[in-house]
Amino acid sequence: MDTTRRGFLASTVAASGVAATQNMAHAADEHAHDHQMLPSDPTLRVKSLESLLVEKGLVDPAALDAVVETYERKVGPRNGARVVARAWIDPAYKARLLADGRAALKELGYGGATGEDTLVVENTPRVHNLVVCTLCSCYPWPLLGLPPVWYKSAPYRSRAVIDPRGVLREFGLTLADDVDVRVWDSTAELRYLVLPERPTGSENMSEEALAALVTRDAMVGVAKATLPQKGAQP
Amino acid sequence: MNGVHDMGGEQGMGPIQYEKNEPVFHAPWEGRVYAINRTLGAWRKWNLDASRHGVELLPPADYFRMSYYERWLTRLINISIKTGLVTREEVESGKPAPGAAKATPPITVANVEAAAMIRASARRPDAVAPRFAVGQKVRARNMNPIGHTRLPRYARAKSGVIERDHGVFLFPDTNAHFLGEKPQHVYSVRFSARELWGEAAKPQDSVYLDLFDDYLESA
């Protein structure tokens with residue numbers, strides 16, 4: 001790296017109130033060689049990497065199996081749906097959930113990785129909430145599992161903040177002009193879950209049946225919770 | 001850094017590609033990459049912010065060409081080499097260097113539930129005073145740090161209102177570069193859509209960002 005660039009780095013770092021150190025200067029150096037490690041065939045590369053890490057004693061393959069199994073089978077949007085259904089039938093729980101998400105989620109046994117500080121935001125006839133992470137892919141793992149590809153993709157991340165109504169139309173949801181749209185960009189270690197509106201006509205449904213109405217998309221804010229279509233499979 | 005990862009407000013990215021009944025992982029290797037990321041972190045050679053910065057450092061063309069888990073794989077290899085967990089030669093050959101000692105993994109099938117499923121929280125004790133109060137008008141600083149930051153470009157130099165004080169968290173801008181945690185308050189700041197995007201936006205719409213004390217000045 002040339003000295004001019006390093007000089008620019010030092011002044012930028014100083015201006016942002018961060019101590020300029022050699023460590024920080026390395027950040028810019030890293031651009032130079034990061035692209036040498038392009039995975040040509042991910043399957044082979046990952047196999048080779050895993051076998052290296054196992055042989056070096058850095059990872060336990062059975063622990064990797066367990067992590068995959070957890071996110072494929074145990075953790076997913078059913079967790080969040082359970083929380084939403086509880087909030088719909090229990091006003092006191094809903095009040096606790098909106099006031100202190102972390103404590104109320106813990107009551108139902110949810111917390112852990114990326115779920116330490118979860119805020120629940122409520123949709124009403126006048127307010128619609130939408131969750132995004134414009135900088136990477138932050139998402140409430142314990143409640144929704146791992147995010148779908150569209151949530152992590154450039155079209156959603158770029159447009160959710162500048163054109164939320166257009167994004168929602170693409171998801172088939174047209175909001176009235178007098179609705180407040182609130183977009184939550186997950187820029188720190190807080191995570192967001194949308195509490196959708198309870199559908200009209202669901203008054204006599206059980207908590208379990210209500211939970212089945214709550215989709216991942218409704219809890220991200222790109223859809224509403226709805227009753228099953230007539231004639232559709234329950 | 002002003003990288004392509006900071007894409008809030010960019011245009012021309014196309015329509016959202018929605019996949020019905022999407023699987024958690026689209027191929028077994030994606031699951032392995034995810035799991036290796038989650039467990040290798042237990043060696044504490046890096047932290048979450050350094051890891052995020054590893055993706056931001058990918059050259060822009062690679063960032064867009066790669067799938068999500070290809071990015072994770074590439075940054076995992078890069079950061080593992082940089083921090084000395086493995087060498088480039090070992091990654092290329094897939095074999096430990098001759099005579100390399102065998103370590104014992106900190107996360108095994110016996111403790112994976114407890115250890116890997118709980119990520120170290122970024123929250124810190126509330127011993128730091130907040131610089132701003134709920135209801136106060138603030139402006140996001142016009143700053144362009146070359147390292148990691150969680151202040152998106154689209155909010156810089158824009159004014160908003162503190163809606164909530166989330167408490168104290170470690171500061172990603174320093175933590176990502178192993179320059180200390182610099183704990184400080186994080187606030188939910190409401191920006192009106194018109195302040196961010198101009199008159200075409202609906203007057204009542206807004207975007208909320210979680211911003212660190214160091215990103216803000218009073219307005």
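The values are calculated or read from the model by the stated rules, or taken from the named source; none is laboratory data. What you are looking at is a predicted structure, and each value in this text was computed from that prediction instead of being measured. Every residue, glycine among them, receives a Cβ derived from its backbone with ideal geometry; neighbour counts consider all protein chains shown.
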Evaluate the following for A:ARG159: is it more than 13 Å from the chain's Cα centre (by Cα), closer than 21 Å to B:GLN17 by Cα, at pLDDT 95 or above and of a type outside the set (A, V, I, L, M, F, W, C)? yes
Identify the residue in region B:13-67 that is of a type in the set (S, T, N, Q) and facing another protein chain (nearest Cβ under 7 Å) and, among all such residues, is surrounded by the fewest Cβ atoms within 10 Å (Cβ to Cβ). B:GLN17
If you check B:ARG153 against the conditions, is it within 8 Å of chain A (Cβ to nearest Cβ), under 17 Å from the mean Cα position of the chain (by Cα) and surrounded by fewer than 22 Cβ atoms within 10 Å (Cβ to Cβ)? no
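Assess whether B:ALA50 counts as being at pLDDT 95 or above, in a loop (DSSP other than H, G, I, E, B) and of a type in the set (A, V, I, L, M, F, W, C).
The answer is no for B:ALA50.
What's the total number of residues in region B:173-197 that are facing chain A (nearest Cβ under 10 Å) and either within 29 Å of B:VAL128 (Cβ to Cβ) or surrounded by fewer than 16 Cβ atoms within 10 Å (Cβ to Cβ) (or both)?
15
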Among the residues of region B:105-125, are any among the charged types (D, E, K, R), outside the structural domain of B:PHE191 (by TED's automatic domain parsing) and crowded, with 19+ Cβ neighbours inside 10 Å? no
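In this structure, does A:ASP100 turn out to be of a type in the set (D, E, K, R) and free of Cβ contacts under 8 Å to residues at least 12 places away in the same chain?
Here the answer is yes, as A:ASP100 does meet what is asked.
In this structure, is A:ALA87 at pLDDT 95 or above and part of a helix (DSSP H, G or I)?
yes
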Is there a residue being touching a strand residue (DSSP E or B) at 6+ places or on another chain (Cβ under 9 Å) and in a loop (DSSP other than H, G, I, E, B) anywhere in region A:156-174? yes
